[in-house]
Amino acid sequence: MPSIATTGHRTWAALSIVAVVLNAHAGSDVQPVLDLPDISQWERQEFKGITRYEIKTSGNRVYLHATSNGTASGLVRKISVDLAKTPYINWSWRVNQVFSGIDETHREGDDYPARIYIVISGGLFFWRTRAINYVWASQQPIGSVWPNAYAHQATMIAIRSGSTNTGSWVEEKRNVLEDVKRYIGEDVMRIDAVAIMTDTDNTGKSGSADYGNIYFSSY
């Protein structure tokens, strides 16, 4: 697990960002998921090699920097989120490059500079576990939806695509409750985990991305 630096400057910066979020959602229920610089509740999940995740600061912004060199590992937080109260997931991310000449719908191209998983547990029946992946795709157009090349229980949704906006921070918001109903076809009112991953194991390429705070809100 990456180490966490808790200098006074980082603490001040983190509190400033939290204040902005709370002001933007005054009167709204907010459930933090990734509340930087604290990642103590996140666990590493390895698939092939280790993607490096480290806390960084730039000005008033605290973020999680991911670097992958032919590797695939993510960070997972087990957390129960009531979608009836807070159906919207909010996050910011910055991708530094995308991958040329790949097809994300096939296994050899199943790599993403940045992705955020929403996991719905199947409990003891692990084969019933479902997931939605919000991805920054390299080739698939924005709005594309397709089953994961390895696990059809996971639905991929291209939130961003290609080199447009690479190198810049982008703010995102999705209605998870609606996405689950539309793409999984189930009336699920609660999710069980959130994960992030930058991976390049199938293509053998190198990639990096930055993740800001992640939280759920009522609107």
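Would you check which residues across segment 29-52 are closer than 22 Å to Asn96 by Cβ, of a type outside the set (S, T, N, Q) and in contact (Cβ under 8 Å) with a residue 60 or more places away in the chain and list them?
Leu34, Leu36, Phe47, Lys48, Gly49, listed by residue number.
Of the residues that make up segment 64-82, is at least one out of contact with any Ser or Thr (no Cβ under 9 Å at 6 or more places or on another chain), closer than 22 Å to Asn165 by Cβ and of a type in the set (S, T, N, Q)?
no
So, in segment 94-124, of the ones that are charged (D, E, K, R) and surrounded by 15 or more Cβ atoms within 10 Å (Cβ to Cβ), which residue ends up nearest to Ser163 (Cα to Cα)? First the steps, then the outcome.
If we filter segment 94-124 for residues that are charged (D, E, K, R), which is where we start, we get 94, 103-104, 107-108, 110-111, 115.
This time we only want the ones that are surrounded by 15 or more Cβ atoms within 10 Å (Cβ to Cβ), so: 94, 104, 110-111, 115.
On the way: Arg94: 11, Glu104: 15, Asp110: 17, Asp111: 15, Arg115: 15 Å.
Looking at residues that are charged (D, E, K, R) and surrounded by 15 or more Cβ atoms within 10 Å (Cβ to Cβ), I get Arg94.
Would you check if Ala137 is among the aliphatic types (A, V, I, L, M), under 25 Å from Gly101 (Cβ atoms) and either surrounded by 20 or more Cβ atoms within 10 Å (Cβ to Cβ) or touching a strand residue (DSSP E or B) at 6+ places or on another chain (Cβ under 9 Å) (or both)? It would help to see each step written out before you state the result.
Numbers: among the aliphatic types (A, V, I, L, M): yes; under 25 Å from Gly101 (Cβ atoms): yes; either surrounded by 20 or more Cβ atoms within 10 Å (Cβ to Cβ) or touching a strand residue (DSSP E or B) at 6+ places or on another chain (Cβ under 9 Å) (or both): yes.
Yes, satisfied.
Condition first: closer than 14 Å to Ile120 by Cα and buried (at least 16 other Cβ atoms within 10 Å of the Cβ). Can you find one or more residues in segment 157-174 that meet it? Show your work before the answer.
To start, the set of residues in segment 157-174 that are closer than 14 Å to Ile120 by Cα comprises none.
No, there is no match, as no residue in segment 157-174 is closer than 14 Å to Ile120 by Cα and buried (at least 16 other Cβ atoms within 10 Å of the Cβ).
Give the number of residues within segment 152-181 that are farther than 22 Å from Ser80 by Cβ and not in a strand (DSSP E or B).
9
Restricting attention to segment 47-83, which residues are buried (at least 18 other Cβ atoms within 10 Å of the Cβ) and in contact with a His (Cβ under 9 Å, 6 or more places away or on another chain)?
Of everything in segment 47-83, those that are buried (at least 18 other Cβ atoms within 10 Å of the Cβ) and in contact with a His (Cβ under 9 Å, 6 or more places away or on another chain) turn out to be Tyr53, Ile55.
Please verify whether Gly143 is exposed (fewer than 15 other Cβ atoms within 10 Å of the Cβ) and at pLDDT 95 or above, treating the condition exactly as stated. Quick ask: steps written out before the conclusion?
Values: exposed (fewer than 15 other Cβ atoms within 10 Å of the Cβ): yes; at pLDDT 95 or above: yes.
Judged against the criteria, Gly143 is a match.
What number of residues in segment 182-219 are more than 16 Å from the chain's Cα centre (by Cα) and not in a strand (DSSP E or B)?
15
Tell me which residues, restricted to segment 90-99, are in a strand (DSSP E or B), in contact with a Ser or Thr (Cβ under 7 Å, 6 or more places away or on another chain) and not hydrophobic (A, V, I, L, M, F, W, C).
From segment 90-99, those in a strand (DSSP E or B) are 90-95; that's our starting set.
Applying the additional criterion that residues be in contact with a Ser or Thr (Cβ under 7 Å, 6 or more places away or on another chain) yields 90, 94-95.
Residues satisfying the conditions are Asn90, Arg94.
Testing Ile102 on (1) out of contact with any strand residue (DSSP E or B) (no Cβ under 9 Å at 6 or more places or on another chain); (2) part of a strand (DSSP E or B); (3) of a type in the set (Val, Ile, Thr), one condition comes back false. Which one is that?
The number of the failed condition is (2).
The values are calculated or read from the model by the stated rules, or taken from the named source; none is laboratory data. Small disclaimer: the values here were computed from a predicted structure and weren't measured. Glycine gets a Cβ as well: all are built from the backbone with ideal geometry, and neighbour counts include every protein chain shown.
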